[in-house]
Each structure stands twice: as C-alpha cells, then as structure tokens.
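Chemist: This is the structure I want to talk about, given as structure tokens.
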Amino acid sequence: MPIYLNIHTHHPSTEKDTLSIKNAQTVSGWMDMAVGKFSVGLHPWYIKPESIDEDFAQLEKLARQPNILAIGECGLDRLINLEMSFQKEVFIRQIHLAESLQKPIIIHCVKAYSELIALKKKLKPRIPMIVHGFNNNTQICQQLINHQFYISLGSALLNPESNASKNILTIPIKQLFLETDDKNCFISTIFAHASTYLTEPVEVLQEQILQNFKRVVSADSSVV
Ligand SMILES: [Zn+2]
C-alpha cells in the first residue's frame, strides 16, 4: 500500500497508510516521544533568551534519539518581538546541530526569506533544508528552488487561489513535500488536491514524495 508522507504535523496521526513527522516543541514542555517519528527544535516563537542554554542542551540530548528524524521547526520570524540577530544566532546553532547529526532541518520562515537564503549561502550546510508551510509568491518560490531548498505545502492547497496552489507546478517534484501542520485536515486530502494540480495520480505522488523523504533522512530505510 502506498504511504502518505506527512513531513510536518502537530497532531498524532490516526490516518491509515500514513507516516507522519510530528513536531515536538521545546520550552512549552516536551511531548511524549516514545512512539512515532519526530522533529525537535527551538521554534522562534518559544525562544526564551533567559533559558536558551538549558533549552539548547535539552534539544541536543533529544535530537540524538533515533526516532528524531529532523531538527525543527526552527527558523526566522520577522513578525515576533525577538531581535532578528538573536533569532539568527539560535537558528545557526540548530543548523550546526543538524549538520553534526546529519539530520534534515524543517524551517519556519515569516518575512525573512532573504535572511534565510543569505544564511544558506554563507554556511553552505550539506543537510537538506525544508521550508515548511510555504504559501508565498512565485519569485520567492523560485529563489528557494534555485538554492536547493525543499518546499513543503500544506492546507493552502485547499484554496485554488492561494500562492501554494499557483506555485505547485513550478516546484520540481524532487523538491516537494506535503504536510498538515497544525490544521485539522487529512494528509490524504492534501495529496488529493496536489495530485489534481499536478495532473499526476495520487500513487505516483505518494511514491515520489516517499523517495524524497528517503533521500533527506539518513540512509536507514527502516524508517519507512
Ligand atoms: Zn508547524
């Protein structure tokens, strides 16, 4: 049976034939990570400068676990009340952590794409970088593609007028992921919409995205 790969969700999945990467948040309390596959990271919304070293130490410890498949979500957010320079510092630490563990990184980026691209150009990390929940304009989409980011699209695909729906055809299928994020929708519904826009059967999309996933996680095929 083909698998729906959900690269980023905040909810435990009850859907059949689905492999979900659940997002575990730092600071606000670590969720129980005994069962399932996860990403862990310090999200810019929850960075607390006063406890950053303890939080990072905790993150480092957890990130080594074999069922933690990715670092994140983490990144840059221009709409929050935390210095961009500090956000960058915390993000760079997480990029280095991801590099040292050879795990991909899942990125939250709000109105800071030029900073994100500049960081990638400067640091040249070898690990895959996945921009999640992308719903921005074609120009930014192309820049991310050109800089070898993976792009994950989510519930915006349910709206045919969204940037995500308009851009999906411009994203090379080898750089595409799909996700539900914090929304209460089914990953199978997101795949169905994506498959309509791409005029590809759902099974073909499932297989391609699973291949993308195998490529980005470390070469242990037992994860799927
Ligand atoms: Zn999220």
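The values are calculated or read from the model by the stated rules, or taken from the named source; none is laboratory data. Here the structure is a predicted model, which means the values were calculated and not measured. When the accessible area is computed, the model is the full protein with side chains, heavy atoms only, and any ligands, DNA or RNA have been set aside. Shrake-Rupley method; radii C 1.70, N 1.55, O 1.52, S 1.80 Å.
Chemist: Apply the membrane-span-like helix rule to the chain: whole DSSP H runs, Cα extent along the own long axis of at least 24 Å, mean Kyte-Doolittle hydropathy at least -0.5. List the helices found.
Modeler: TM-like helix candidates: 84-101.
Chemist: Over all distinct alpha-carbon pairs, what is the Kirkwood Rh of the chain in angstrom? Could you put the intermediate results ahead of the total?
Modeler: Values: mean 1/r = 0.0572 Å⁻¹.
Evaluated on the chain, it is 17.5 Å.
Chemist: Could you do me a favour and compute the accessible area per residue for the chain, 1.4 Å probe, result in Å²?
Modeler: Numbers: 10470 Å² over 224 residues.
Solvent-accessible surface per residue comes out at 47 Å².
Chemist: Determine the order of Arg215, Arg93, Arg64 by accessible area, beginning with the largest, at a probe radius of 1.4 Å.
Modeler: Details: Arg215 110, Arg93 80, Arg64 140 Å².
From most accessible down to least: Arg64, Arg215, Arg93.
Chemist: Keeping all protein chains in position, work out how much accessible area Ile140 exposes to a 1.4 Å probe, and write it in Å² to the nearest 10.
Modeler: Surface open to solvent at Ile140 totals about 30 Å².
Chemist: A 21 angstrom limit on the alpha carbon distance is what I want to check against. Which of Lys103/Lys124; Lys22/Lys183; Lys22/Lys122 exceed it?
Modeler: Details: Lys103/Lys124 15 Å; Lys22/Lys183 13 Å; Lys22/Lys122 29 Å.
Check vs 21 Å cut-off fails for Lys22/Lys122.
Chemist: Enter the accessible area of Val35 (Å², nearest 10), with the probe set to 1.4 Å and all protein chains included.
Modeler: For Val35, solvent-accessible area is about 120 Å².
Chemist: Got the relative contact order for the chain handy, in percent, Cα pairs under 8 Å and 6 or more residues apart? Mind dumping the intermediate values first?
Modeler: Details: 391 pairs, mean separation 42.5, N = 224.
Computed value for the chain: 19 percent relative contact order.
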